[in-house]
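Engineer: Have a look at this one.
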Amino acid sequence: MAETEQITVATTSAGPGGTGEPGETVNLPVVELLTGRGFITGKSGSGKSNTASVVAEKLLDNGFGLLIVDIDGEYYGLKEEYEILHVGGDEECDIQVTEDHAGKIASLALEQNVPIILDISSFLDEEEAETLLTEVAKQLFAKAKKQKQPFLMLVEECHEWMPEKGSMGEVGKMLIKIGKRGRKHGLGIVGISQRPADVKKDYITQCDWLVWHRLTWNNDTKVVGRILDNKYADAVEDLDDGEAFMMNDWAEQVRRVQFHRKQTFDAGATPGLDDFERPELKSVSDDLVSELETISEEQQATENRIKELREELDKKNSRIAELEAELQDARDLSRMAEQFTEAMLNQAEDYNPGRTAQEEMRRQRERFADSSDSDGEADADGHRDEQSAESDEAADATSGGGFGDAFSAFAEDGAAMNGGSAGDGAATNGSSVDDDPATNGSSADAEPASNGHATNADVAANGAVTNDSAAAVPVNGQADTDTADADDEDLRATIAEAVEAEQSSGATGSATDESTSDFDGPAVYGDLRADIEELDRKTRRMLAYYREQGPGTPLNAHFSAGGSGDRTAAYARNRELRLRELVEHVGRGKYDSRIAALVREESDRRLDEDEVESVVSRLESAFLDGNGD
């Protein structure tokens, strides 16, 4: 390859910022192009993707290698004229690949000079796509150090991987590394973006050649002014489709040029009313992808083996669960046998009906100490009051003995094991109940509760006293004045805190924001509303989906809008929204509404957030309330 070899991509054009006579041929040196760092930018529809395709076509015409990172599935049209390997994540690609194929993809590109389209848009799993791109970039950089062969990596929507703001992932770090150190190894890179203000300035400022197509937003034109000159910042807004300002280090001048139209099928064009006819595409040879298919087969075999091992593990875990259940059943049967044996012994030994509940519970704790610690507890001093003992003895005396008595004793003991004795009804949490059960450890009548407190009137659901005072009554029935006073003080403090908290929470949210409903909105309101109303019904519904749901994929938005889920139709409608700059790509194949950003930017940020939201709310009627045409 001669060092002076060049490719023709454009002609000079007349207008502000132009130099030389219109119609002059514009050439790019191949070596500088393949090994350098480039940047192509412009708003949607200005011609930036066409420019990238023209560069790719000219390199392919001369047999030079390149790899295109396609994020929107718009470069497969190159296969109309060129034998280029199309890899990605769906059946439309020549072969479906994963990160395991990264090394082979880099080998085909650098060692065998095979041009490749890496179609990121075809992956449903965004993390899988990002991992694949990271590994491919790493492999290209590593192999380029040994190969020393000029090679170009062209990356669409580079602001997603190398953002000016926010954190940068592994992909962005690797692309920045290629931009800084790839040149010495022969590995060049070209970044393409519609929002130069969002691209990492560390990348833009070290580029050897830059192409600026039409830009209209203030943030983007300011970047042009800082890098080129303010006169170009004004003129860049009036450039025609395909027209651009081109700056490069080898010419040391800025020229106004008109790029040629691409010769292959334009898969990225906005669909019209005419029938869509996909051209006949060239296929790659079987030998070219045989090794990639071998990797896929090995990967599939590994996945199948992993699946088999997981199934075996599930079966073993299921068997373990069955054995554990059987063991528990055996323990339960053993415990039931012990209970039955105890009942038989009581019958044979002329069971003493005067035995206290305390003794029975002590025996149960000794029997079941190894499996349960939730049996009923005795009082802190280890004694029951005389009234409870007499009641238990009376119950035993009238039971009559027999197996029925033994099992009924177990049932009653089960209630007593929670810590209380049963009268007419069982206490729910260790409380004695005469007429009605207390809901949280308190007695419902004037009798003393098991926690030592009685109420003069009603008891609230949470156990708090509802009248102005409560008497603390010890278990032995003796009044304790000091304890009662302390409880009264705690109760009054608790009530005061609750009232203060209620008043504080009631005051929250009382203030109302100043209404902005009477705000007329900036002049951009009419323009944006007209743009939205020009959209067809499903496209507006897709816009409504992004506005309501936040970031989402075109397929999800299209399905929500009533579409069939067809990928081509979804991306076609989504591209219409992108051309009008109503939505923007926010990363990993997802898009989000830009309506608020449009209002804010067009008003030169003179509006506060409430005023912006007021305008956006009024605009929503154009696609939320008015989408039924």
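Engineer: For residues that are of a type in the set (A, V, I, L, M) and under 29 Å from the mean Cα position of the chain (by Cα), tally how many sit in region 101-125.
Structural biologist: 5
Engineer: When you scan region 178-196, do you find a residue that is surrounded by fewer than 17 Cβ atoms within 10 Å (Cβ to Cβ) and closer than 28 Å to LEU577 by Cα, even just one?
Structural biologist: no
Engineer: Have a look at ILE84, ILE176, ILE95 and point out the one that is farther than 26 Å from ASP202 by Cα and at pLDDT 90 or above.
Structural biologist: ILE84
Engineer: Condition test on THR539, is it assigned to a helix (DSSP H, G or I), among the polar types (S, T, N, Q) and open to solvent by 10 Å² or more (accessible area, probe 1.4 Å)?
Structural biologist: Here the answer is no, as THR539 does not meet what is asked.
Engineer: Here's a check for you: in region 319-365, which residue that is in contact with an Asp or Glu (Cβ under 9 Å, 6 or more places away or on another chain) and among the aliphatic types (A, V, I, L, M) is modelled with the lowest pLDDT?
Structural biologist: In this case the residue turns out to be ALA357.
Engineer: Examine region 107-118 for a residue that is touching a His at 6+ places or on another chain (Cβ under 6 Å) and either in contact (Cβ under 8 Å) with a residue 24 or more places away in the chain or open to solvent by less than 20 Å² (accessible area, probe 1.4 Å) (or both), and state whether such a residue exists.
Structural biologist: Checking region 107-118: at least one residue is touching a His at 6+ places or on another chain (Cβ under 6 Å) and either in contact (Cβ under 8 Å) with a residue 24 or more places away in the chain or open to solvent by less than 20 Å² (accessible area, probe 1.4 Å) (or both).
Engineer: Please go through region 197-213 and give me each residue that is assigned to a loop (DSSP other than H, G, I, E, B) and surrounded by fewer than 18 Cβ atoms within 10 Å (Cβ to Cβ), ordered by number.
Structural biologist: Those that are assigned to a loop (DSSP other than H, G, I, E, B) and surrounded by fewer than 18 Cβ atoms within 10 Å (Cβ to Cβ): THR205, GLN206, ASP208.
Engineer: Only one of VAL136, VAL171 is among the aliphatic types (A, V, I, L, M), over 28 Å from GLU243 (Cα atoms) and free of Cβ contacts under 8 Å to residues at least 60 places away in the same chain. Can you tell me which?
Structural biologist: That would be VAL171, the only listed residue that is among the aliphatic types (A, V, I, L, M), over 28 Å from GLU243 (Cα atoms) and free of Cβ contacts under 8 Å to residues at least 60 places away in the same chain.
Engineer: Kindly provide the set of residues from region 132-148 that are among the polar types (S, T, N, Q) and either open to solvent by 50 Å² or more (accessible area, probe 1.4 Å) or under 20 Å from SER49 (Cβ atoms) (or both), ordered by number.
Structural biologist: Within region 132-148, GLN139, GLN147 qualify.
Engineer: Still on this structure: Is there a residue being over 38 Å from the mean Cα position of the chain (by Cα) and open to solvent by 10 Å² or more (accessible area, probe 1.4 Å) anywhere in region 214-224?
Structural biologist: No, region 214-224 has no match at all.
Engineer: Would you tally the residues in region 616-625 being surrounded by 15 or more Cβ atoms within 10 Å (Cβ to Cβ) and at pLDDT below 75?
Structural biologist: 3
Engineer: Moving to a separate point now. Condition first: polar (S, T, N, Q) and surrounded by 18 or more Cβ atoms within 10 Å (Cβ to Cβ). Can you find one or more residues in region 51-67 that meet it?
Structural biologist: yes
Engineer: Separate question: Restricting to region 542-583, and then to whatever is within 19 Å of ARG529 (Cβ to Cβ) and of a type in the set (Asp, Glu), can you tell me which residue is most open to solvent (accessible area, probe 1.4 Å)?
Structural biologist: Per the criteria, the residue is GLU548.
Engineer: May I ask you to verify whether GLU5 is within 26 Å of ARG181 (Cβ to Cβ) and either modelled with pLDDT under 90 or among the polar types (S, T, N, Q) (or both)?
Structural biologist: yes
Engineer: Another question, then. In the list GLU128, GLU157, which residue meets the criterion of being open to solvent by 20 Å² or more (accessible area, probe 1.4 Å) and either under 24 Å from the mean Cα position of the chain (by Cα) or acidic (Asp, Glu) (or both)?
Structural biologist: GLU128
Engineer: May I pose another question? Within region 595-615, which residues are basic (Lys, Arg) and surrounded by fewer than 21 Cβ atoms within 10 Å (Cβ to Cβ)?
Structural biologist: Answer for region 595-615, where residues must be basic (Lys, Arg) and surrounded by fewer than 21 Cβ atoms within 10 Å (Cβ to Cβ): ARG605, ARG606.
The values are calculated or read from the model by the stated rules, or taken from the named source; none is laboratory data. Note that the structure is a prediction, hence the values are computed from the model and not measured. No Cβ is skipped: glycine too gets one built from the backbone with ideal geometry, and neighbour counts run over all protein chains shown. These accessible areas exclude ligands, DNA and RNA; they are computed on the full protein's heavy atoms, side chains included. Shrake-Rupley method; radii C 1.70, N 1.55, O 1.52, S 1.80 Å.
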